[in-house]
Each structure stands twice: as structure tokens, then as C-alpha cells.
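Colleague: Sharing a structure below in C-alpha cells format, with a few things to ask.
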Ligand SMILES: [Zn+2]
């Protein structure tokens with residue numbers, strides 16, 4: 001008993017045991033309804049049991065009150081605040097960081113994008129009852145509705161000026177690669193020694209909103225063109241680069257540089273042409289080692305003869321370009337060569353000089369002399385002027401091989417040069433004094449309307465165009481518009 005008493009004392013319930021021991025036997029029998037006589041030992045055992053139950057229940061209640069929401073006591077906690085405003089209380093201070101990083105991860109996977117939490121949370125020690133404490137799930141929900149965050153993206157800066165933003169550092173690098181590829185796409189990869197940008201390029205992490213972020217393709221195009229502006233033209237029937245450029249106040253060169261890779265000589269109806277001349281933000285310099293064939297020009301040797309006029313010439317032998325194979329180091333910026341260093345040159349073929357015969361005589365005055373020479377010397381008259389098989393032949397036909405030179409019978413002004421129905425290619429010359437001459441069925445015309453010619457000037461080549469049965473010159477002479485017999489005028493003073 002003493003021993004037990006000591007234990008009870010320890011538990012601070014000695015008083016209740018004393019009361020229990022003094023309890024009258026009769027009352028105790030009634031309470032616990034025992035039929036057998038209560039010895040001192042039994043009484044003691046009952047007392048001990050009851051005391052133990054009381055002690056344990058007192059102890060349990062005290063713990064219960066301290067740790068459950070029904071508790072009336074406030075115990076150690078932490079208050080989470082944002083800008084001085086209390087959000088909630090937690091027991092474990094580390095819960096804030098772990099919940100925030102979980103939230104960040106979930107946001108990143110939802111947006112498929114790096115984000116940064118901008119809200120600043122403070123955590124300070126406090127006291128709280130259990131019913132004031134939030135669970136981990138509740139804390140997550142509170143932070144999720146309250147948090148401010150931004151996207152972390154990557155800007156491309158050219159010479160310290162931001163030109164655009166993309167999602168990631170990898171994408172930013174891809175943009176630069178795409179720009180470089182654009183300016184090197186036409187090169188043989190094996191020839192490229194170095195690709196560099198003329199400007200300083202930096203990639204920097206920045207905060208951004210979704211709408212600021214461009215795709216790799218968008219930003220690369222923007223850097224290549226130097227603008228977002230788009231202006232397209234669809235090629236129509238009859239268009240050429242020259243007419244399209246003129247209609248849009250562009251030079252031909254501008255239109256060509258706005259459409260690299262497009263063949264300016266061969267456009268087709270429906271082709272789409274760019275009308276914005278690119279002014280790239282990045283100048284890509286490509287150093288290449290190239291081997292190419294180069295033309296070397298030929299010279300012209302002249303032979304002078306007295307029977308020709310000095311404005312006439314005959315090519316006796318056509319010149320030929322020489323060919324050299326060169327190896328060179330070239331630097332091109334945005335496709336335009338800015339430097340070239342020839343490393344070696346090998347002559348494959350030498351140029352062949354052109355040989356030309358020209359005259360020493362000053363040409364006569366470009367006006368009528370009043371005398372007609374034979375327009376086709378060495379020819380044969382194949383049909384005369386006058387009545388011919390039920391009709392009337394307006395001139396005389398002079399046969400000579402196709403391509404022979406037709407000369408102006410006298411000086412004057414060309415009044416017609418072109419196609420004229422059954423005459424084929426035809427020339428009319430006005431010699432003044434009411435006289436004109438006509439040259440028909442030509443294969444080629446060397447003069448044009450309005451041109452002044454001198455007597456003997458080669459004006460056309462013999463052909464068989466229009467209604468003609470073989471190569472010949474149909475030659476007419478007219479006086480005040482009326483045909484006269486050419487045979488009566490060739491070789492005489494007509495006025
Ligand atoms: Zn004829």
C-alpha cells in the first residue's frame with residue numbers, strides 16, 4: 001500500500017485515495033454490488049483500480065484538450081502573411097516552402113513553361129488553437145488562389161536592343177541558328193569555313209507574359225526581314241519584275257532582294273512575291289573557300305578598209321571568253337560578297353580575240369542626194385515592174401541569197417519599218433522632193449522609224465517574208481505616192 005501510495009502521490013491523486021479508503025463498507029457494497037465479505041485486501045484492490053482509472057482518464061483528458069480542436073488552449077504555431085496580411089496559420093514552418101515548390105511545379109507543368117513565383121510570403125511564430133490551423137491541402141488551395149507568378153522566358157538582344165522573346169534558352173539559340181541557316185542555305189556546306197554575326201548577340205532570361213512570347217519561326221523571320229510588316233503581290237498575266245517594281249515604287253534591285261531564291265527572269269501567273277525589302281537585324285557573315293570558273297575577257301582587233309564607212313563593221317571572227325579556275329576565300333554578308341582573296345588561279349583556256357573589219361570613209365550626209373544607187377548589188381532581176389499575169393507588179397524583184405545586205409538607194413528618213421501584210425518585213429524611206437522607196441520581204445530590219453540614213457547604208461537583209469516564192473528584194477520607187485518603174489530610176493539623177 002505504501003508503495004502504491006507513493007505512486008498515487010506522484011500522480012497527485014493521494015487525496016482521492018484517502019477518500020476512497022474512508023468509504024463505508026456498506027455503501028461500497030451497494031455501489032459495486034459484491035456479495036462476499038470485503039476483506040481489507042479486497043477493499044484495497046478496488047480502491048487501487050478506481051484510482052488508476054481516474055488518474056488515466058485525467059491524464060488522457062488533459063492531452064486531448066491540448067491537441068484537439070476542441071481544445072481551449074492556444075499552442076505554438078506559425079502565421080503566414082503576404083504584404084502584412086495574414087493568410088493562415090500552420091504548425092510546421094517548413095510546410096510553406098514545400099507547398100510553394102509543389103505549386104510551382106504544378107503550374108510549370110500546366111503551362112509547359114518555366115515560371116517564377118512573384119508573391120513574397122513571410123512566416124512568423126504565433127500561437128493558435130487546432131481549429132485555427134490549416135491542413136497541407138488547405139494551405140495549397142490558399143496559395144493557389146492568392147499567388148502571383150510570371151513566365152520566365154528568354155530574350156534575344158542584338159547590340160543591347162531586345163528584338164524578341166521566346167520560351168526557352170534552347171529556342172533562343174534555335175532562332176539564331178535559323179537566321180544563320182537562312183543566309184547560308186544556298187551554299188555548299190563543305191565550302192563554309194566560318195559563320196558569324198556582324199552584331200553582338202546575347203540571350204537573357206526575362207519575365208514575360210504569354211502574348212510577348214514568339215515562336216522560333218516568327219522571331220527568326222522578324223530578324224531576317226527587320227519588320228513584321230507583310231506585303232505580298234500575286235503575279236498576273238503580262239507582269240514582269242520590271243513592271244511590278246515600277247507599279248510599287250520599288251527599284252528592280254529592291255524587288256529582287258525582297259525575293260531571294262525567286263528567279264526574276266521566270267515568274268509565273270499566281271507566283272507570290274514579297275514587296276517588303278528586308279533590312280535584317282542580324283548580318284550574317286559567311287567565310288567560304290570556293291573553287292569556281294571565271295571568264296577572262298577577250299580583246300578586239302580591227303582591220304581598216306577604205307571601201308567601208310567608218311560607222312560600219314563586219315565581224316570576221318567572233319571573240320571567245322577565256323576560262324580560269326580560281327580558288328578563293330570569300331566573305332559574304334547576307335549573301336552579298338564583301339571580300340575576296342584569290343588563293344590560286346589556273347588557266348583552262350585563253351581568250352580568243354575578236355576580229356572586226358571597219359571602214360575609213362566618213363559616211364555621207366544622212367539625207368537624199370537626188371541619185372539612186374542599186375539597193376542590192378550583184379542581184380538578178382527576177383520579175384520586172386508592170387503588168388504581170390492579169391495584175392500589176394508595183395516594183396521590181398531582185399533575187400539574191402537570203403541574208404544578203406540591202407542598202408538604202410539614197411539617203412533619207414525611215415518612215416516605216418515593220419511587218420506589212422503580204423509585203424512581210426518592210427522598210428519605207430522618204431528621200432525628199434516627193435520620192436520614197438520601199439524594200440519588202442526582208443528577213444531582218446536594221447533600222448527603225450524616224451532614223452536618218454545615208455545612201456548605201458545597210459538597212460535590212462534579204463528574206464522571203466510575206467507573200468513570196470523565194471528570197472528576193474521587192475523594190476519600189478514612188479513619186480508623190482504613185483509607183484514608177486524602178487529600172488528607170490536606179491543609177492540616175494532623179495531630181
Ligand atoms: Zn515583187
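Colleague: Looking at (1) surrounded by fewer than 19 Cβ atoms within 10 Å (Cβ to Cβ); (2) free of Cβ contacts under 8 Å to residues at least 60 places away in the same chain; (3) within 13 Å of the ligand (Cβ to nearest atom), which is the one condition that is false for residue 485?
Modeller: Going through (1) surrounded by fewer than 19 Cβ atoms within 10 Å (Cβ to Cβ); (2) free of Cβ contacts under 8 Å to residues at least 60 places away in the same chain; (3) within 13 Å of the ligand (Cβ to nearest atom) one by one, residue 485 breaks only (2).
Colleague: Same structure again: Do any strands (runs of 3 or more DSSP E) entirely within the stretch 349-388 hold 1 or more residues that are in the same structural domain as residue 401 (by TED's automatic domain parsing) and on the phi > 0 side of the Ramachandran plot, and if so, which? Can you show your working first?
Modeller: Details: elements: 354-361, 380-383, 386-388.
Correct list: 386-388.
Colleague: Confirm whether residue 322 is away from the ligand (no atom under 16 Å from the Cβ) and closer than 30 Å to residue 195 by Cβ. Give the derivation first.
Modeller: Working: away from the ligand (no atom under 16 Å from the Cβ): yes; closer than 30 Å to residue 195 by Cβ: no.
No: the conditions fail for residue 322.
Colleague: Return the residues of the stretch 447-474 that are crowded, with 16+ Cβ neighbours inside 10 Å, within 16 Å of the ligand (Cβ to nearest atom) and over 19 Å from residue 367 (Cα atoms); say none if nothing qualifies.
Modeller: If the condition is that a residue be crowded, with 16+ Cβ neighbours inside 10 Å, within 16 Å of the ligand (Cβ to nearest atom) and over 19 Å from residue 367 (Cα atoms), then 462, 463, 465, 466, 468, 471, 472, 473, 474 are the ones that fit.
Colleague: Which of the following residues is free of Cβ contacts under 8 Å to residues at least 24 places away in the same chain and within 30 Å of residue 320 (Cβ to Cβ): 405, 344, 401, 387?
Modeller: Among 405, 344, 401, 387, only 344 is free of Cβ contacts under 8 Å to residues at least 24 places away in the same chain and within 30 Å of residue 320 (Cβ to Cβ).
Colleague: With respect to residue 323, is the statement that it is out of contact with any helix residue (DSSP H, G or I) (no Cβ under 9 Å at 6 or more places or on another chain), surrounded by 11 or more Cβ atoms within 10 Å (Cβ to Cβ) and closer than 16 Å to residue 359 by Cβ true? Quick ask: steps written out before the conclusion?
Modeller: Working: out of contact with any helix residue (DSSP H, G or I) (no Cβ under 9 Å at 6 or more places or on another chain): yes; surrounded by 11 or more Cβ atoms within 10 Å (Cβ to Cβ): yes; closer than 16 Å to residue 359 by Cβ: no.
No.
Colleague: Still on this structure, I have one more. Of all residues in the stretch 174-217, how many are assigned to a helix (DSSP H, G or I) and touching a strand residue (DSSP E or B) at 6+ places or on another chain (Cβ under 7 Å)? Spell out the reasoning first.
Modeller: Of the residues in the stretch 174-217, the ones assigned to a helix (DSSP H, G or I) are 174-184, 189-191, 210-212, 216-217.
From what is left, the residues that are touching a strand residue (DSSP E or B) at 6+ places or on another chain (Cβ under 7 Å) are 175-176, 179-180, 183-184, 191, 210, 212, 216.
Result for the stretch 174-217: 10.
Colleague: Of these, 440, 409, which one is within 16 Å of the ligand (Cβ to nearest atom), modelled with pLDDT of 95 or more and outside any strand (DSSP E or B)?
Modeller: Being within 16 Å of the ligand (Cβ to nearest atom), modelled with pLDDT of 95 or more and outside any strand (DSSP E or B) holds for just one of 440, 409, which is 409.
Colleague: Residue 287: touching a residue at least 12 places away in the same chain (Cβ under 8 Å) and either over 30 Å from residue 258 (Cα atoms) or within 33 Å of the chain's Cα centre (by Cα) (or both), yes or no? If you could, list the steps in order and put the result at the bottom.
Modeller: On the way: touching a residue at least 12 places away in the same chain (Cβ under 8 Å): yes; either over 30 Å from residue 258 (Cα atoms) or within 33 Å of the chain's Cα centre (by Cα) (or both): yes.
The answer is yes for residue 287.
Colleague: Among the residues of the stretch 417-429 satisfying the criterion of being surrounded by fewer than 18 Cβ atoms within 10 Å (Cβ to Cβ) and in contact with a strand residue (DSSP E or B) (Cβ under 9 Å, 6 or more places away or on another chain), which is farthest from residue 469 (Cα to Cα)?
Modeller: Of everything passing the filter in the stretch 417-429, 418 is farthest from residue 469 (Cα to Cα).
Colleague: In this structure, is residue 422 within 11 Å of the ligand (Cβ to nearest atom), farther than 20 Å from residue 490 by Cβ and within 59 Å of the chain's Cα centre (by Cα)?
Modeller: So residue 422 fits the description; yes.
Colleague: Could you pull out the residue among 175, 124, 179 that is modelled with pLDDT of 90 or more and more than 43 Å from the chain's Cα centre (by Cα)?
Modeller: 124
Colleague: Further question: Of all residues in the stretch 425-437, which are out of contact with any helix residue (DSSP H, G or I) (no Cβ under 9 Å at 6 or more places or on another chain) and away from the ligand (no atom under 13 Å from the Cβ)?
Modeller: Taking the stretch 425-437 as the starting set, the residues that turn out to be out of contact with any helix residue (DSSP H, G or I) (no Cβ under 9 Å at 6 or more places or on another chain) are 425-436.
425, 427, 428, 429, 430, 431, 432, 433, 434, 435, 436 - these are the residues of the stretch 425-437 that are out of contact with any helix residue (DSSP H, G or I) (no Cβ under 9 Å at 6 or more places or on another chain) and away from the ligand (no atom under 13 Å from the Cβ).
The values are calculated or read from the model by the stated rules, or taken from the named source; none is laboratory data. Just so it is clear, the model here is predicted, and its values are computed rather than measured. No Cβ is skipped: glycine too gets one built from the backbone with ideal geometry, and neighbour counts run over all protein chains shown.
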